[in-house]
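The values are calculated or read from the model by the stated rules, or taken from the named source; none is laboratory data. Being a predicted model, the structure only gives us computed values, none of them experimental. Using ideal geometry, Cβ is built from the backbone for each residue, glycine included, and neighbour counts are taken over all protein chains shown.
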């Protein structure tokens, strides 16, 4: 069964982004990503924008950024990476 529109399954998203399915599952588990849609059967679906975000996460991580710092960047912006605190 082919996903509707341009949405793809977790395996296809991982393949298109150039990472393993297990890595993508880990990104989901630690809160780096969320699926665009979850079907009634629990299937997680991803769009092109999310696949680009996965590629960015991989590039940042390959460049030496820990996943925790990448998550903070996505959640709060670059100020938090410099050690400043939001009030």
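Scan region 1-24 for residues that are exposed (fewer than 15 other Cβ atoms within 10 Å of the Cβ) and modelled with pLDDT of 95 or more and the total you get is 5.
From the list 27, 65, the lone residue that is in a helix (DSSP H, G or I) and closer than 19 Å to residue 76 by Cα is 27.
Out of 45, 32, I need the residue that is without any contact (Cβ under 8 Å) to a residue 60 or more places away in the chain, surrounded by 15 or more Cβ atoms within 10 Å (Cβ to Cβ), within 26 Å of residue 76 (Cα to Cα) and touching a strand residue (DSSP E or B) at 6+ places or on another chain (Cβ under 8 Å). Which one?
Answer to the selection: 45.
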